[in-house]
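Here's the structure we're looking at; comments come further down.
None of the figures in this text is laboratory data; all of them are computed from the coordinates on show. None of these values were measured; they are calculated from a predicted model. Note that we place each Cβ from the backbone using ideal geometry, even for glycine, and neighbour counts take in every protein chain shown.
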């Protein structure tokens, strides 16, 4: 009988130990042990640090989006008023005057775009992103790969400071916009006319971003790093549904965002570079929803999705594009040329089809080949309606 009782106690003890190791939360906080001067002490593991983000200031958000809209003053509407008086001879005299209508009619504007409020921690519209674009393996694809790292970062910092001077109310923050999936003129092994950059190259971009001083709320350089990074996707004969999920491990990082380029989305079967490609609202919404899922699952601040555009057919179904609380969408004017051509493109394809925010791309070389031969300045771009909140240099 005593042996049976001993066995029962042994079984219970072993069971409790197993439950303790398998389900430690049932027994309170897990503790660790260490020896200090021969004594054994208990230590609780440090509690995970969860950053607390202040809630969105809706009043400040609406004020800022209205500033970005930069709508011209509404013209004053007048009405004609007739008054009848008498002259010195007693004859009636009719006098016609124009007076402002009261109250003045409210004029509707396309901007700011109607969109959902973002979650806490959104970069836009409280900051302006100033990005260098390109690929580390190519000097011809953009300034990001054209210069040695230190020289490139110094040039980027100069542009950031120009924006801070031009618009001190909107802190400019630096970013690297890296083409992670590059459209190709040849089919490649799988016939998709695109090349995926190895993760080792993306890691290099993240390492460079970690060297860029972070900016505080006033746009002043501060200690830290991990500047904003965009991974850009040119799908060729592939599609966003295939390419974007392959970048998920990077998109889980709080400082990594996404860009998609309709120019190289070749839905017609003609190879990249021969015609301008296209993306539909369904493609963009898929991407936004995918990013939103990552944000929710990883408790991240909102992601930014940049969509390049310089023709109407590059983006179809714009009214169906849906910004989400977790994803802010920027329609980026990607055309090159002199100032008048670029402004014309912006007015023709970005202004009349509002989604949420706008961007503007500047080409150090191609923009200076015609017209005045000079690059548009921050002051030039701040005159636009709406004002771009994302600036890209190539």
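Residue separation of residue 370 and residue 126 scaled by 0.36 nm, minus their Cα-Cα distance, works out to 84.4 nm of gained length. DSSP beta bridges confined to segment 128-393 are antiparallel in about 15 percent of cases.
Of the beta bridges in segment 88-216, as assigned by DSSP with both residues counted there, near 35 percent are antiparallel.
In which sequence would 232, 87 go, from the one with the fewest C-beta neighbours within 10 Å to the one with the most? Kindly include the intermediate steps, with their values, before the conclusion.
Working: 232 23, 87 8.
Taking fewest neighbouring Cβ atoms as first place, the list is 87, 232.
Report note on the peptides 322-328, 77-83: ranked by the mean count of other C-beta atoms within 10 Å, highest first, their order is 322-328, 77-83. Here is the tail figure for segment 148-292: Cα pairs spaced more than 17 Å apart come to 65 percent of all pairs. With an a/c value under 1.5 for the gyration tensor axes a ≥ b ≥ c computed over the alpha-carbon atoms, segment 128-393 is described as rounded. Extension gain, residue 383 to residue 107: 0.36 nm times the residue separation minus the Cα-Cα distance gives 97.3 nm.
Sorting 339-352, 274-287 by their mean Cβ neighbour count within 10 Å, with the most densely packed peptide first, gives 274-287, 339-352.
In this simple spin-label model, placing a label point 7 Å from the Cα along the Cα-to-Cβ direction at both residue 210 and residue 252 gives a separation of 1.7 nm. Across segment 166-196, the residues whose backbone nitrogen lies under 13 Å from the label position 7 Å along the beta-carbon direction of residue 274 are 185-187, 193.
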